[in-house]
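First the structure, in the form of structure tokens, and then the observations on it.
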Amino acid sequence: MNRLARFTPLTGAIFAVLVVISAVTTPNNPTAKSSGAHVIAFETAHRSAERAGAVIGTLAVVFLIFFAGWLYNSIRETDSRALGIVALVGAGLVGAGLLVSASITWALTDGPAHYSASAAQALNALDYDLFLPMIGGLIVFGISTGIAVLREGWLPAWLGWVLIALGVIAPSPAFVVALFGTVAWSAVAAVIVFARANRAPAPATLGGASA
């Protein structure tokens, strides 16, 4: 079990890889102001790619939750336990936003030719602008986890400051930077913790506590 637990932090890296794959393989969606006819034509032409991106994005959320669970389990063993709970909630908000977006994409590609132009336009506008849950989640996750890093020192301090900064800029026009920056942070943090655990004589835990 302890050997398996050493690999748990890597769920953060897997989450990051899946997000990148989903972003790369999914074509740029129509904007919120696109006509219904354009949306129907787009979803018909790119049905397979859109659905593949939605499935990969869903898998990414699964690994995000596992990574957030590992973070919570680690932080709760320190004096920053409350921050661990907040970080877990924040990750859940980000995951919920991504899952709802993936669900709308799936609905749009489920026989788009059968939608009326107004229905297709409405669903597309909802999907395009569905970022508020993710913004809230990024703020909560970034600031709480960043403070925990600075307080407990279980990661380099600069990673804590970077994550706090990403949380702060999330509600700004730099939302995309905050989102993908947090994704990249998860991968970097996962690799650092995994490398430290493999160098240590026993599984690494925060604050020297037993996991």
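The values are calculated or read from the model by the stated rules, or taken from the named source; none is laboratory data. Keep in mind that what you see is a predicted model, and the values were worked out from it rather than measured. Backbone-built Cβ (ideal geometry, glycine too); neighbour counts: all protein chains shown.
Quick rundown of the values:
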quantity	calculated
Top-ranked residue in segment 166-183 [being assigned to a helix (DSSP H, G or I) and loosely packed, with under 15 Cβ neighbours inside 10 Å; ranked as modelled with the highest pLDDT]	V177
Hits in segment 7-25 (condition: of a type outside the set (F, W, Y) and surrounded by fewer than 18 Cβ atoms within 10 Å (Cβ to Cβ))	V17, V20, I21, A23, V24, T25
Segment 25-43: number of residues that are at pLDDT 90 or above and more than 17 Å from L126 (Cα to Cα)	1
Some residue of segment 55-76 being in contact (Cβ under 8 Å) with a residue 60 or more places away in the chain and either closer than 19 Å to D129 by Cβ or surrounded by fewer than 21 Cβ atoms within 10 Å (Cβ to Cβ) (or both)	yes
Helices (runs of 4 or more DSSP H) (entirely within segment 51-165) containing at least 3 residues that are under 21 Å from V191 (Cα atoms)	81-108, 132-152
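Residue-by-condition table, conditions (1) surrounded by fewer than 18 Cβ atoms within 10 Å (Cβ to Cβ); (2) hydrophobic (A, V, I, L, M, F, W, C):
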residue	(1), (2)
P27	yes, no
V39	no, yes
F42	no, yes
A49	yes, yes
S101	no, no
